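Engineer: Have a look at the structure that comes next, please.
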Amino acid sequence: METDNVERYLNSFGKQVVNRAKGGLQKAKGGGTALEGSLKYELKETSDGFEVNFYMNDYGTFVDKGVSGNQTTQKFKNYLGQVIASPYKYTTKQPPPDILEKWIKTKGFGRVRDEKTGRYISHLSLAYLIGKKIKRDGIKSLAFFQKPLGLGLKQFGSKLAENVAEDIVDELNKTITTKVN
């Protein structure tokens, strides 16, 4: 059976979810991030029909669902609209200071003074303090992928049956035309 309508429809679904997810990241992070560039989808034909697979950099799931700290639980809204606790949590380790130091320099933080002594602290010391806070409080969810996936499933799910029906009608019309000729 030809599946042109369903295939076209599922490609539209994949494109829309990826575009909305990229838009959510642009809004939250300012655009042009490596994570944004890594978002893509792939439509595969299987023996059971089709499957739509989404891909992103590995750390994208942490940004999407958040990471709980060792003292604060982070929650996120999944694609079904349910608020649930993040499956990820900092326990004993905190983010590496060298990576945070690089981020601090990239963002152009000015020099920061110690509250008690008034002396400037190094970027590495600041990175350690930020890492300590992240370990304690976690990282909030952006739900940049969960929200578009939920919207896409609501919007596209209801019309999928129509496209399957169109493919069946198209196939029947071809069969009838072939047998009449």
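The values are calculated or read from the model by the stated rules, or taken from the named source; none is laboratory data. All of these numbers come straight from a predicted model, not from anything done at the bench. Cβ coordinates were reconstructed from backbone atoms using ideal geometry, including for glycine residues, and neighbour counts include every protein chain displayed.
Engineer: Of the conditions (1) buried (at least 18 other Cβ atoms within 10 Å of the Cβ); (2) in a loop (DSSP other than H, G, I, E, B); (3) at pLDDT 95 or above, Pro87 clears all except one; give me its number.
Structural biologist: (1)
Engineer: Another question, if that's okay. Farther than 30 Å from Asn19 by Cα, touching a Ser or Thr at 6+ places or on another chain (Cβ under 9 Å) and modelled with pLDDT under 90: does that describe Asp137? Break it down into steps so the answer makes sense when it comes.
Structural biologist: Details: farther than 30 Å from Asn19 by Cα: yes; touching a Ser or Thr at 6+ places or on another chain (Cβ under 9 Å): yes; modelled with pLDDT under 90: no.
No, not satisfied.
Engineer: Please verify whether Lys65 is more than 11 Å from the chain's Cα centre (by Cα) and not small (Gly, Ala, Ser), treating the condition exactly as stated. Give the derivation first.
Structural biologist: Values: more than 11 Å from the chain's Cα centre (by Cα): no; not small (Gly, Ala, Ser): yes.
Criteria not met by Lys65.
Engineer: Shifting gears a bit: How about the stretch 9-48: which of its residues are among the β-branched types (Val, Ile, Thr) and farther than 19 Å from Thr61 by Cβ?
Structural biologist: Within the stretch 9-48, the subset among the β-branched types (Val, Ile, Thr) is 17-18, 33, 46.
Passing the criteria: only Thr46.
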